[in-house]
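The values are calculated or read from the model by the stated rules, or taken from the named source; none is laboratory data. Quantities reported herein were computed from a predicted structural model and do not represent experimental measurements. With ideal geometry, Cβ positions are generated from the backbone for all residues, glycine too; neighbour counts draw on all protein chains shown. Heavy atoms of the whole protein, side chains included, go into the accessibility calculation; ligands, DNA and RNA do not. Shrake-Rupley method; radii C 1.70, N 1.55, O 1.52, S 1.80 Å.
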Amino acid sequence: MLHYQIALFLLLVSSAPSLGQTPAGTTPTATTQDSPTAQTHPNNPEMWNVDRMMEDASLQISRRYNLNPAQENYTKLLLRKRVTAFLEQYETDVRELLKESIDLRLGLKPGGIEVYQKWATRAAPIYKAARDAILDGNKEWGQILNPDQKKIKEMDLALMNTNFEQVTRVIGDWE
């Protein structure tokens, strides 16, 4: 589930996430192959297609963990359930925070202490909710893994926890 975690994590706190949503006013097509993602449209989070990005994340997870078909299906269903639930509550804020982050990074919006403080204050509770959702999802997902897959997951969790600590410090400093 590392890619799901990183994807959701990055969606919340950087300009290079791996999740997004179907653009407003459109419907998912039978194939999401040509749908925009953070990789194809890195500066426009309003266009990112969640279905496509979840599909890509599921494929990466399946490869990294060498999942069998039953595990792949479970992973896709769990990913869809958790990401959908999270975005139902936070999607608008996530997209706005990402857009602002991108604009600040590209110099399209002037920065400054007050701007970063306001951004961090708004992002902090969403980041905490994402971190909690990611860790809870990992516990649930880990139950279907075999011992070799669990070893990979433990290494991934260690790296993810290091990343969580770093971002928590940055957000705290900015606040």
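How much net charge surrounds residue 57 when only other residues with a Cβ under 14 Å from its Cβ are counted (Lys, Arg +1; Asp, Glu -1)? Once positives and negatives cancel, what remains is +2.
What is the local net charge at residue 141, summed over the other residues whose Cβ is closer than 14 Å to its Cβ (Lys, Arg +1; Asp, Glu -1)?
Around residue 141, the surrounding residues sum to +3.
In the neighborhood of residue 175, defined by Cβ-to-Cβ distances under 15 Å, what is the net charge if each Lys or Arg adds +1 and each Asp or Glu adds -1? Residues close to residue 175 contribute a combined charge of +2. For the set 81/109; 76/118; 76/153, the pairs lying more than 25 angstrom apart at their alpha carbons are 81/109; 76/118. How much FRET efficiency would the formula 1/(1 + (r/R0)^6) give for residue 106 and residue 174, where r is the Cβ-Cβ distance and R0 is 25 Å, rounded to 0.05? Efficiency, from the Cβ-Cβ distance: 0.85.
Atom-type composition of the exposed protein surface of the range 47-174 places 54 percent of the accessible area on carbon and sulfur (1.4 angstrom probe).
Under 5 Å from the amide H of residue 109 lie the amide H atoms of 104, each residue being 5 or more positions distant or on a separate chain, with H modelled from the backbone and absent for Pro and chain starts. Candidate cross-link partners of residue 151 among the aspartates and glutamates, defined by an alpha-carbon separation under 17 Å and a same-chain spacing of 8 or more, comprise 140. A crude spin-label estimate for the pair residue 162 and residue 92, with each label 7 Å from Cα along the Cβ direction, gives 3.9 nm. By a 1.4 Å probe calculation restricted to protein chains, residue 119 has an accessible surface near 20 Å², given to the nearest 10. Note on residue 154: accessible area approximately 110 square angstrom, rounded to 10, probe 1.4 Å, nucleic acids and ligands left out.
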